[in-house]
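Some notes on the structure that comes next.
Coordinate-derived values only; no laboratory data. In this text the structure is predicted, and so the values were computed from the model without any measurement. As a convention, Cβ positions derive from the backbone with ideal geometry for all residues, glycine included, and neighbour counts pool all protein chains shown.
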Amino acid sequence: MSCQTIYPFVAIVGQEQMKLSLYLNLINPTLSGVLIRGEKGTAKSTAVRALADILPMIEVVKDCPFQLAPGDGLNLCRECFHSDCRERRITGGPVEALQRHIKVVELPVGATEDRVVGTMDLEYAIRKGEKRIEPGLLAAAHRGILYVDEVNLLDDHVVDVLLDAAAMGVSTIEREGISFSHPSRFVLVGTMNPEEGELRPQLLDRFGLSVRVEGIADRESRVTVMERRVAFDEFPETFTGRWKGQSRELVERIEVARQLYPEVVIDREELFTIADFCLDVGVDGHRGDIIMMKAAKTLAAFDNRKKVQKADVEAAAELALPHRMRRQPLMEIGDNVKKIKGMGR
Amino acid sequence: MNIKTLYPFPAIVGQEELKLSLILNAINPGTGGVLIRGEKGTAKSTAVRSLASLLPEIEVVAGCLFGLNPEETAVVGRCEGCCLCGRQGGTVRRPVRVVTLPLNATEDRLAGGIDFEKTTRDGKRTVQPGLLAKAHRGILYVDEVNLLDDHLVDVMLEASASGENRIEREGVSLSHPARFILVGTMNPEEGDLRPQLLDRFGLCVEVKAEIDREMRVTTMEQRESFDAAPATFIERFAAETQELAQRIEKARRFLPKVQMPGRLRALISELCTEARVAGHRADLIIEQAARALAAFSERLEVEDEDITRVAQLALRHRQREPGPPPPPPEEKQHDDHDHSHDEEPPEEESEQEENPNQDEQPDDQEQPPPESKPEQDPGDTGSSGGTPDESKEPTKPANPDAKEKVFEVGATFKVKPFNASKDRVFRRGSGRRSRSRISGMQGRYVKSTMPRGGKDVALDATLRAAAPYQRHRQSDCAIAIRPEDIREKVRERRIGNFLLFVVDASGSMGARGRMTATKGAIMSLLLDAYQKRDKVAMISFNKTEARLNLPPTSSIDMAARLLAEMPVGGRTPLNAALVKVDEVLRGQLVRDPTSRPIVVLITDGRSNVAIADGKPIDECLELARRLSREERVRFILVDTEEQGLIRFGLAVKIAEALKARYFQTAELKADTLIDLIKE
């Protein structure tokens, strides 16, 4: 994925909700991800891949298999197989740290469990007669984005693993003679085509936000889509070059919002609005409330404001609630929260 | 796990029952653990994990990997053969542990096995204690416990029943105490627990989201300030956490002094009898929990209130519904059981179903509530019959001229294995009936075994098997592996099937107690379905209609109850039933295109009600042929016709038309010892 030119995120036509939900997750990773639902050919996967273009930077310990930040606790390091780094960290010596973009780690639908959670490093075991862990995708995705294309087709036991990790931000390995646990907090981004089946409710709930994408109905925009695609396919470099300026602007805007987020305040009154929203719509548990509040604050930050407004709360409801409304099995995921809310009142 | 990043226990808003049950367990391990059932996002996991910071300290023999206390090591022979602690002597104090058992654990990690590294180095088999050892005298925590693999559940149950864990694997033989408090969380949406496992949990709490606005707002605020600055937030609650921990510690010391007045024991047993619980575990647990509660309240004597408060926690999951009333001898009316299922979830076959509240069209057009769509409400299927296309004369369920009888369920037996055809499709879902995907690399790796000719090598187990011999083998690599070391993976292929039972309830089935035997056969199939974690649905037909009286569900209990109540009498509208089958199957296949439904048709084949004009039996065969075209479905026909001189043999013909496997009731049995149908 790295060497090939990526379609610039900013050049994606329309699909504003989807783009917005991705921005919000970049600004505030505790939103814990987004589920993108929609038909084929609506730039779902393109958008997620194009994210690489606009990812923010984080600081990590060099070569750390668990993507730790220099300031993180040392618990994990004591058992880490990376011996140089371990010694240096434990003795308090200087640790090499570097700035890099957060990673988008793709979890293929056919991935086996040991690749996802990690396993014993067999090569090492046979060569050295010692056991050491080979971290899996969940370790690689820590502090980054875990992307699952066609998430509804994911094998059931892999879903269980994801649930485990997503719940507490910790992945515990107790298999194949290995006993280990490491932090694994990631933004879970999934795309799915609802025609191919629904998600298990438990997994559905782990996605902070959900958006629905549709083909664009506007003729003009459709033509633009075609033009841009052709232009990109012919001369990828030239095309990306043309969008560089806009990409940079977006990156800066996200960075500003990231800085601003901790300062954003929300009135108690708005919190009550959120609670009412959730009670009206009938969401399970409290995750809906919490995510909705976070989304509203993130929206304010993205807008370069320090105070949440009513409009933020309403926009947040549309992102955070559609997939959480209590529903009977097989019921279509609600698309229009506002309508529901109107009925509840 | 780093305690420093855990959400503080006292900062959890509301959920008092949940918190109390965890505290009681922290005070008195005799409380026997807790099962937390509830919807998503209700601080289930958060509460358990943060419990770690409240747990008291215990005394452990220094270096002991099994977490034994000095008294335990004093038992003669206990430490024989184990030299893992290095006999340092002395004891250390450490907090009670919360050990997490992840769903993807393998058996060797749960029970313990050979330590590959040490064994290779020393050439002597060394044990690596498993999670059961780690959890001894502590808490074993399973998130989403209802999704735990059966292999692991079995190991856990065995240890928890005996308080000992025997490691008999990979050439190690060792037994160590494993008494742990089992704490599990589950979301009932994902299926229920096995009854034996359920009973292992001392208490059970149901958690729900708080509906109080104030509390919800507080929850949001606290969570956000925790996420923003965990350390500061934890600091803010440090005093409270500390205080609670001390209170627990104090109660723990206080506990042995708490008295239990005799009259309260009578109260407990009264409560248990009232709730119709099985066994005596509930009584004991209530007593232990009540004492813990008294100790927590710093009282020397248990009071009535303690009992009543903990009794609901201890009885909730053990309560049995009042047994089904003995089936009335005859004249059982239809509508009795039709109505009892009115409240069921809408049947899942209807893909197009929508909540009227969230219909996709944005205009104000009123959608009829789902109840008015006949195919969507199982309770209403009586009026739609098996022929969705034509409107039929209204047939009242209670038809006065057709006599209906309810027969008892006959003896059950072990069923011959049957399953869906093997293919190469990759499936989701869980269950244990059918093997799928021959490539073998699918499914969860749960344990290893001696090779059985497959290619799915369990490398970790192979290495462990080879480890003890490394000092005598020469090789370029650090590890030399010989063919005899090879171990293979045992994987849990998690595919359950969808079983559709189609039961003939016509009058001809009533003759000579055949229905009793048939019900026995169906019940056996249902028990089998339960063990294989299948989904079932049931259609019954008699008089002029076929009814879907059980929409696809994993609740085998419900199917069994329905079966027991199923009345018999009237004609044989087999054709209508086949139409209904088609309807249900289509729904199922749209919903889950990779599923391989199995249809079990139980009938004598004497179809005598046609849908259109023409001979019923011809129509029936035609319908059967059409059904057989769907390659994803397998049919099994259980012929209930008596084996006598005069046989119509219609069922055989239908079976041919359906391309069904044909059984007579007697042949279903795994070992044909008693022939139930022959008289």
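A few points about this structure:
- Applying the Karplus relation 6.51 cos²θ - 1.76 cosθ + 1.60 with θ = phi - 60° to the range B:52-58 yields 3J(HN,Hα) values of 3, 6, 9, 6, x, 8, 10 Hz, where x marks Gly and Pro.
- Taking a ≥ b ≥ c as the square roots of the eigenvalues of the Cα gyration tensor, the range B:604-656 is classed as oblate, since a/c reaches at least 1.5 and a/b does not exceed b/c.
- Residues in the range A:303-319 carry Karplus couplings, in order, of 8, 6, 10, 9, 9, 7, 10, 4, 4, 4, 4, 5, 5, 5, 4, 5, 8 Hz; the curve used is 6.51 cos²θ - 1.76 cosθ + 1.60 with θ = phi - 60°, and Gly or Pro positions show x.
- Amide hydrogen proximity for B:Ser175: with H placed 1.01 Å from N in the peptide plane, the residues at 5 or more positions away or on another chain lying under 5 Å are B:Ile167.
- Rounded Å value of the spacing that divides the Cα centres of the range A:228-277 and the range A:95-109: 20 Å
- For the residues of B:103-113, the average number of beta carbons from a partner chain within 10 Å of their own beta carbon is 5.
- The modelled label-to-label distance between B:Arg265 and B:Gln196, using points 7 Å beyond Cα along the C-beta direction, is 3.0 nm.
- Across the range B:3-208, the relative contact order, built from alpha-carbon pairs under 8 Å that are at least six residues apart, equals 29 percent.
- Cβ-Cβ FRET estimate between B:Thr449 and B:Ala278, R0 fixed at 35 Å, reported to 0.05: 0.50
- Long pairs among A:Lys103/B:Lys44; A:Lys62/A:Lys128; B:Lys19/B:Lys40, criterion Cα-Cα beyond 20 Å: A:Lys103/B:Lys44; A:Lys62/A:Lys128
- A:Gln99/A:Glu79 FRET efficiency (R0 30 Å; Cβ-Cβ; nearest 0.05): 0.70
- Among beta bridges identified by DSSP and lying wholly in the range B:3-208, the antiparallel ones come to about 45 percent.
- Entry note, chain A: relative contact order of 22 percent, from Cα contacts under 8 Å with a spacing of 6+ residues.
- Cα gyration tensor shape of the range A:11-146, rounded if a/c is under 1.5, else prolate or oblate by comparing a/b with b/c: oblate
- Residue by residue, the range A:148-153 carries 3J(HN,Hα) couplings of 10, 7, 6, 5, 6, 9 Hz when phi is fed to the Karplus relation 6.51 cos²θ - 1.76 cosθ + 1.60 (θ = phi - 60°); x denotes Gly or Pro.
- Considering only chain A, percent of DSSP beta bridges that pair antiparallel, nearest 5: 45 percent
- Gyration tensor (alpha-carbon) shape descriptor, the range B:3-208, a/c threshold 1.5: prolate
- Computed from the C-beta positions of B:Arg309 and A:Thr91, the FRET efficiency with R₀ = 60 Å rounds to 0.65.
- A cut-off of 5 Å between modelled amide H atoms, ignoring neighbours fewer than 5 places along the same chain, links B:Ser448 with B:Val490.
- Inter-probe distance in nm under a simple model that places probes 7 Å from Cα toward Cβ, at B:Glu214 and A:Arg253: 4.2 nm
- Using Cβ point charges alone (K and R +1, D and E -1), the dipole size of the range A:66-163 about the Cα centre works out to roughly 640 debye.
- Rounded to the nearest 500, the 222 nm mean residue ellipticity of chain A from helices alone is -13500 deg cm²/dmol, with -39,500 (n - 2.57) taken per DSSP H run of at least 4 residues.
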